Amino acid sequence: MIRKSLTVLVIDENHIRASIIEAGLREAGHEQVTVVHDVAGIARRIAEIEPDVIVIDLENPNRDMLENMFQLSRVVKRPIAMFVDRSDQASIEAAVEAGVSAYVVDGLRQERVKPILDMAISRFNAFSRMARELEEARSELEDRKVIDRAKGILMRSRGLSEDAAYTLLRKTAMNQNRKISEIAQSLVTAAGLLDPGES
């Protein structure tokens, strides 16, 4: 299996520390590495570069700097590995809450960059998969609720059994080449317009 070469963005104001990270990434086979030393306008730079992974190194972060980086990580929706020299429980919790995939305290060494980056990508992918599955489950539950309401409307208005109401919804959906939930939503909306007590 051939792995696509990742585009990696390194954000680090310290040139020496950035070179350690860059060397670790290149040693691990990542050739598309961009290093940014100035965090001003970083959101715009991320949009321009479109990295697959972001590595942030904060030598001695203050609370505002950490919060800015955490806000950034909430928005970019990419794996983020963050190296810091010192931390406290609140910062660790904020990093997790913000979706930072790997938060490494006092561990910046060239040989550790690749395994930490791999772990950040794996955690990000696992979290993204769980979030996607949760959203799909919520959507299915909402669809189920709408279908049940539509069945209830058909049962009351046409005197149908539950199975017959569902069969009618399914047949209508097939005839119109639409999803059952879409037909159900249309029926619920129409019933609400005709009889405000239905909604």
Let's test the formula: R0 of 41 Å, r as the Cβ-Cβ distance of ALA126 and SER186. What FRET efficiency results, to the nearest 0.05? 0.65
Which label belongs to the value computed from this structure, given these candidates for Kirkwood radius over Cα pairs in Å: (1) 17.6; (2) 20.3; (3) 22.2? (2)
Do you know the relative contact order of the chain, to the nearest whole percent, from alpha carbon pairs under 8 angstrom that are 6+ apart? 15 percent
On the formula 1/(1 + (r/R0)^6), with r taken between the Cβ atoms of ALA90 and THR34 and R0 of 41 Å, the FRET efficiency rounded to 0.05 is 0.85
Can you tell me how segment 136-194 classifies by the Cα gyration tensor, rounded, prolate or oblate, using a/c under 1.5 as the rounded cut? rounded
What whole-number distance in Å separates the alpha-carbon centres of segment 71-96 and segment 145-199? 47 Å
Spatially proximal aspartates and glutamates relative to LYS151 (Cα-Cα < 20 Å; intrachain offsets below 8 disregarded): GLU140, GLU142, ASP143, GLU162, ASP163, GLU182, ASP195, GLU198
In segment 59-106, how does Rg compare with the Kirkwood Rh, expressed as the Rg/Rh ratio over alpha carbon atoms? 0.91
Could you work out the local net charge near PHE127, counting Lys and Arg as +1, Asp and Glu as -1, over the other residues with Cβ closer than 13 Å to its Cβ? +3
FRET efficiency, ARG158 to GLU97 (Cβ-Cβ, R0 41 Å, nearest 0.05): 0.25
Simple SL model, points at 7 angstrom along Cα→Cβ for ASP195 and ARG144; separation in nm is 2.6 nm
With θ set to phi - 60° and the Karplus curve 6.51 cos²θ - 1.76 cosθ + 1.60, what are the ³J(HN,Hα) couplings of segment 22-29 in order, to the nearest whole Hz, using x for Gly and Pro? 4, 4, x, 5, 5, 4, 7, x
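No value in this document is a laboratory result; all are computed from the given coordinates. This structure is a prediction, so every number in the text was calculated from the model and none was measured. Methodologically, a virtual Cβ is constructed for each residue, glycine included, from the backbone with ideal geometry; neighbour enumeration extends over all protein chains shown.
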